[in-house]
1. Say we look at the stretch 129-143 and pick out the residues that are among the aliphatic types (A, V, I, L, M) and out of contact with any Lys or Arg (no Cβ under 9 Å at 6 or more places or on another chain); which of these is modelled with the lowest pLDDT?
2. Any chance you could count how many residues in the stretch 123-163 are touching a residue at least 24 places away in the same chain (Cβ under 8 Å) and either of a type in the set (S, T, N, Q) or within 16 Å of ILE87 (Cβ to Cβ) (or both)?
3. Return the pairs, sorted by first residue and then second, in which the second residue is hydroxyl-bearing (Ser, Thr, Tyr) and surrounded by fewer than 21 Cβ atoms within 10 Å (Cβ to Cβ), the first residue lies in the stretch 28-52 and is without any contact (Cβ under 8 Å) to a residue 24 or more places away in the chain, the beta carbons are less than 7 Å apart, and the residues are 6+ apart or on different chains.
4. Which of the residues belonging to the stretch 101-110 are part of a loop (DSSP other than H, G, I, E, B) and within 12 Å of the chain's Cα centre (by Cα)?
5. In the stretch 140-188, what residues are of a type in the set (Asp, Glu) and under 12 Å from CYS99 (Cβ atoms)?
6. Quick check on this structure: which one of VAL150, VAL128 is out of contact with any Pro (no Cβ under 9 Å at 6 or more places or on another chain), surrounded by 12 or more Cβ atoms within 10 Å (Cβ to Cβ) and closer than 21 Å to SER47 by Cα?
7. Filter the stretch 139-188 for residues that are aromatic (Phe, Trp, Tyr) and in a helix (DSSP H, G or I) and give the result.
Amino acid sequence: MDNIEVPDYRNPIELLHDCEAILIPEGTKITLEKGMAVFITQALGGSVTVNVNGNLARISEQDTTALGMKPPQLKQYTSNAENSGLIDDEVIWEQLSTCYDPEIPINIVELGLVYRCDVFYEETGNRVEIDLTLTAPGCGMGPFLVDDIVSKIRQVPNVSLVDVELVFDPPWSQEMMSEAARLETGLY
């Protein structure tokens, strides 16, 4: 899934219709009303983070029309594994790389939030299990990141079930970030 085309970040955007959003980092659902002015802080992986009245909120890809954006098109995957009933691990990691922390403009793979990703081939279907952590254990955005991951991994050919578990052992630290992510954030 490609990043969505966004208007100029420096100017406020007036919402075209009411839309649901999630307050960051609390994870509380709110309704942003038509006509409210918001500033886009990041638009990555399909969802958009906006600043509204000094608070950050995440707008899901389904509601980006409120910002005057077209929702991103789902990527169609084809691979040699598709006809064999197998799952292409590279496609799973590519999909995980389209999931972004709503506060930090870096994907969850580069942030080092994915601790485990395993594929199990079973008679009832192919299952992907993922252990995910958060940059802060008390962050209320965990369930929304889990939903984003499940939605994106279900798009991978031959995946029947996706199970994402939030884990906090070992605790996340900046050392778990990729070198590229540390350079991008200035934490090198």
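The values are calculated or read from the model by the stated rules, or taken from the named source; none is laboratory data. Predicted model only: the values in this text are computed from it and were never measured. A quick note on method: Cβ atoms are made from the backbone with ideal geometry, for glycine too, and the neighbour counts reach across all protein chains shown.
1. Of the stretch 129-143, the ones among the aliphatic types (A, V, I, L, M) are 130, 132, 134, 136, 141.
Okay, now just the ones that are also out of contact with any Lys or Arg (no Cβ under 9 Å at 6 or more places or on another chain), so 134, 136.
Values: LEU134: 95, ALA136: 90.
Checked the stretch 129-143; the qualifying residue modelled with the lowest pLDDT is ALA136.
2. Total satisfying the criteria: 21.
3. ASN51/THR41
4. Scanning the stretch 101-110 gives ASP101, PRO102, GLU103, ILE104, PRO105, ILE106, ILE108, VAL109.
5. As a first pass, look at the stretch 140-188 and keep what is of a type in the set (Asp, Glu): 147-148, 163, 165, 169, 175, 179, 184.
Result: ASP147, ASP148.
6. Result: VAL150 is the single residue among VAL150, VAL128 that is out of contact with any Pro (no Cβ under 9 Å at 6 or more places or on another chain), surrounded by 12 or more Cβ atoms within 10 Å (Cβ to Cβ) and closer than 21 Å to SER47 by Cα.
7. PHE144
Matching residues to (1) surrounded by 16 or more Cβ atoms within 10 Å (Cβ to Cβ); (2) at pLDDT 90 or above:
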site	(1), (2)
VAL6	yes, no
ASP18	no, yes
ILE22	yes, yes
GLU33	no, yes
MET36	yes, yes
THR41	yes, yes
GLY46	yes, no
THR49	yes, yes
ASN55	no, yes
